[in-house]
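Asker: Let me give you the structure first, and then I'll get to my questions.
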Amino acid sequence: MKEPLYIKNEIVIETDADTVWDVLTEGDFTKQYMFGCEPKSEWEPGDSIEWVGNMDGKEVCFVKGQIVEFNPPQKLSYTTIDPNGDYEDVPENYLTVTYLLEPQGKSTKFTVTQGDYSIAAEGKARYEETMEAGGWSSILEQIKLLAENLD
């Protein structure tokens with residue numbers, strides 16, 4: 001059995017978990033750090049989620065998946081795959097993204113994990129490429145800046 005491969009990034013955001021949660025789930029905010037995309041979902045476990053953006057004046061789904069867990073404002077977990085990508089749309093090619101928010105006084109520790117790359121098509125190469133790019137760290141910095149400036 002292959003050893004699991006997960007990306008994990010974390011950051012402390014100087015605001016409450018409710019504010020961070022809003023930045024993570026509301027389209028007006030996500031467009032500012034998720035490459036112009038907003039999530040479309042009913043936010044119930046088992047429901048679909050699509051990350052939708054605009055390309056050449058048309059609405060396009062750039063990432064799709066399914067809600068695994070939705071527990072505001074502590075935890076959100078969803079699967080994800082690029083429907084326009086080169087990988088077959090089968091369960092083992094989906095990665096799971098998990099957001100975990102932990103209050104720390106007046107701040108919130110925000111942790112993101114993504115994987116398991118070890119079971120996905122070309123997983124090791126995708127994992128290494130994502131790690132070299134810093135994982136989620138640049139997105140977390142944008143989330144931090146946005147959330148802290150909402151107060």
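The values are calculated or read from the model by the stated rules, or taken from the named source; none is laboratory data. Bear in mind the structure is a predicted one, so any value in this text is a computation, not a measurement. Glycine gets a Cβ as well: all are built from the backbone with ideal geometry, and neighbour counts include every protein chain shown. Please note that ligands, DNA and RNA were not included when accessible areas were found on the heavy atoms of the full protein model with its side chains. Shrake-Rupley method; radii C 1.70, N 1.55, O 1.52, S 1.80 Å.
Asker: Can you give the FRET efficiency to the nearest 0.05 for residue 32 and residue 6, using r as the Cβ-Cβ distance and R₀ = 35 Å?
Answerer: Efficiency, from the Cβ-Cβ distance: 0.85.
Asker: In addition: At a 1.4 Å probe radius, carbon and sulfur cover how many percent of the accessible area of region 1-126?
Answerer: The nonpolar share, carbon plus sulfur, comes to 47 percent.
Asker: May I pose another question? State, as an integer percentage, the relative contact order of the chain based on alpha-carbon contacts under 8 Å between residues 6 or more apart.
Answerer: Here the relative contact order equals 31 percent.
Asker: In straight Cα distance, which lysines are under 25 Å from residue 58, not counting same-chain residues fewer than 8 positions off?
Answerer: Cα-Cα hits under 25 Å: 31, 40.
Asker: Something else: On a 0 to 90 degree scale, rounded to 10, what angle separates helix 137-148 from the longest Cα axis of the chain?
Answerer: Taking the Cα atoms of the chain, the angle to 137-148 is about 30 degrees.
Asker: Take residue 90 and residue 133, extend 7 Å from each Cα along the Cα→Cβ direction, and tell me the distance between the two endpoints in nm.
Answerer: About 2.4 nm, to one decimal.
Asker: If you stretched the chain out fully between residue 22 and residue 141, how much longer would it get, using 0.36 nm times the residue separation minus the C-alpha to C-alpha distance?
Answerer: 41.3 nm
Asker: Then there is this: Expected output is a single nm value to one decimal: the length gained when fully extending between residue 149 and residue 43, i.e. 0.36 nm times separation in residues minus the C-alpha distance. What is it?
Answerer: 35.6 nm
Asker: For residue 144, give me every one of the aspartates and glutamates with a C-alpha distance below 18 angstrom, ignoring sequence neighbours fewer than eight places off in its own chain.
Answerer: Cross-link targets: 10, 14, 16, 18, 22, 26, 28, 38, 102.
Asker: Using +1 at the C-beta of Lys and Arg and -1 at the C-beta of Asp and Glu, which of 133, 27, 55 has the Cα lying farthest in the positive direction of the dipole of the chain?
Answerer: Most positive-ward Cα: 133.
Asker: Using the alpha-carbon atoms, what tilt in degrees (0 to 90, nearest 10) does helix 123-132 show relative to the longest principal axis of the chain?
Answerer: 40 degrees
Asker: While we're on this one: Of the listed values [x] 2, 10, 18, 20, 16, 13, 9, 7, 4, 2, 1, 0, 0; [y] 1, 7, 9, 9, 9, 10, 11, 12, 11, 9, 7, 3, 1, 1, 0, 0; [z] 2, 10, 17, 22, 22, 16, 8, 3, 1, 0, grab the one calculated as P(r) over Cα pairs in 5 Å bins from 0, in percent from the structure here.
Answerer: [z]
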